[in-house]
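Shown next, in structure tokens, is the structure this report addresses.
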Amino acid sequence: MPKVLDGAAIAAGIKQEVAEDVRALAARGIIPGLAAVLVGHVPASEIYVRSKVQACADLGLASDLITPPDSVTTEEMLSLIARLNARDDVDGILIQLPLPAQVDAKTLLDAVDPSKDVDGFHPVNAGRLLAGRPALVPCTPAGVIEILKRSDIPISGRHAVVVGRSDIVGKPVALLLLHQNATVTICHSKTRDLPAITRQADILVAAIGRPGFVTPDMVSAGATLVDVGINRITAREEFDRFFKGNARREAAFEKRGSVVVGDIDPRAFEISGAYTPVPGGVGLLTIAMLMSNTVRAAKMRRGL
Ligand code: GUN
């Protein structure tokens, strides 16, 4: 039977450690603070940001939710970011993506003070990560490493195959695995004979954004599967392809008209050695790592 890598339990452990850190800082009069910027009304973003603000409250961090309208301009956002960079009570700045088309997202992310860049999206932090220097590391990739380490999955010397090359997940997770001494292959849409490469993986990380993209024939028996995807499916045929005969999922689909599936076909989990479920896997680590990064930023900014 494959081992299920339980994101909820691991996230709870990390949050407990962060809460202890926060209490120690509070004893010295320091309350780490997160500024979360949520532009407009993207339903998924509203849910994510609400969870991030709630996590701050749960762990004893301060938070400030700022909600510019959908019509905000790049200039207005730049002046907001300049104010947040200057505020001493703000240790972390999070600009929830996606942003409306009229704002230049790259210009904004480049304007965040790298020492407050708790998403790890600033080129200075990306460069520090590449060079193996202390950096604020993107939350989801950092969560992948925490899951592997805290589940005692060996990384050193293993072949890690990352499918997907985004700036937010694929590239940073590949670098983090490399820093843990894995042999790393990054695959993408132009990769030839993808299944031949993914079958070589001891650790397979899927971060593509396509439901069930990694099928059982692409996985070797016993591999560790890390599924970063969160895709909502509503079509009956698609549901049946992944979950036919699964009574629990069937009930959820009937009730809500949709279910969430990762980038790995759930039937591939059955032949794995260990896997992160969707939901309940990597996704839960993202917020825990954001809290951890915010406390880290608060300490680093004070030279602690
Ligand atoms: N949108 C989707 N994921 C993320 C994330 O990790 N950080 C931010 N800021 N926006 C996102």
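The values are calculated or read from the model by the stated rules, or taken from the named source; none is laboratory data. Fair warning: this is a prediction, and the values are worked out from it, not measured in the lab. So basically every Cβ, Gly included, is an ideal-geometry build from the backbone, and we count neighbours across all protein chains shown.
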Residue identified as modelled with pLDDT of 95 or more, more than 14 Å from the ligand (Cβ to nearest atom), more than 17 Å from MET300 (Cβ to Cβ) and surrounded by 17 or more Cβ atoms within 10 Å (Cβ to Cβ) among ILE10, ILE81: ILE10
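Okay, residues lined up against (1) of a type in the set (Gly, Ala, Ser); (2) over 13 Å from VAL103 (Cβ atoms); (3) away from the ligand (no atom under 11 Å from the Cβ):
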{"site": "ALA36", "(1), (2), (3)": "yes, yes, no"}
{"site": "HIS41", "(1), (2), (3)": "no, yes, yes"}
{"site": "GLU46", "(1), (2), (3)": "no, yes, yes"}
{"site": "LYS52", "(1), (2), (3)": "no, yes, no"}
{"site": "ALA55", "(1), (2), (3)": "yes, yes, yes"}
{"site": "LEU59", "(1), (2), (3)": "no, yes, yes"}
{"site": "LEU65", "(1), (2), (3)": "no, yes, yes"}
{"site": "ASP70", "(1), (2), (3)": "no, no, yes"}
{"site": "THR74", "(1), (2), (3)": "no, no, yes"}
Single condition ASP89 does not satisfy, out of (1) assigned to a loop (DSSP other than H, G, I, E, B); (2) over 26 Å from PRO32 (Cα atoms); (3) not hydrophobic (A, V, I, L, M, F, W, C): (2)
The range 251-304: number of residues that are more than 30 Å from ALA19 (Cβ to Cβ), in contact with a Ser or Thr (Cβ under 8 Å, 6 or more places away or on another chain) and within 16 Å of the ligand (Cβ to nearest atom): 0
Residues (in a helix (DSSP H, G or I) and in contact (Cβ under 8 Å) with a residue 60 or more places away in the chain) located in the range 257-278: PHE269
Tally, over the range 113-169, of residues that are within 16 Å of the ligand (Cβ to nearest atom) and either among the aromatic types (Phe, Trp, Tyr) or in contact with a Phe, Trp or Tyr (Cβ under 8 Å, 6 or more places away or on another chain) (or both): 4
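Would you check which residues across the range 52-79 are assigned to a helix (DSSP H, G or I) and over 24 Å from ILE30 (Cβ atoms) and list them?
Across the range 52-79, the qualifying residues are THR74, GLU75, GLU76, MET77, LEU78, SER79.
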Only one of LEU284, LEU225 that is under 27 Å from GLY33 (Cα atoms), touching a residue at least 24 places away in the same chain (Cβ under 8 Å) and not aromatic (Phe, Trp, Tyr): LEU284
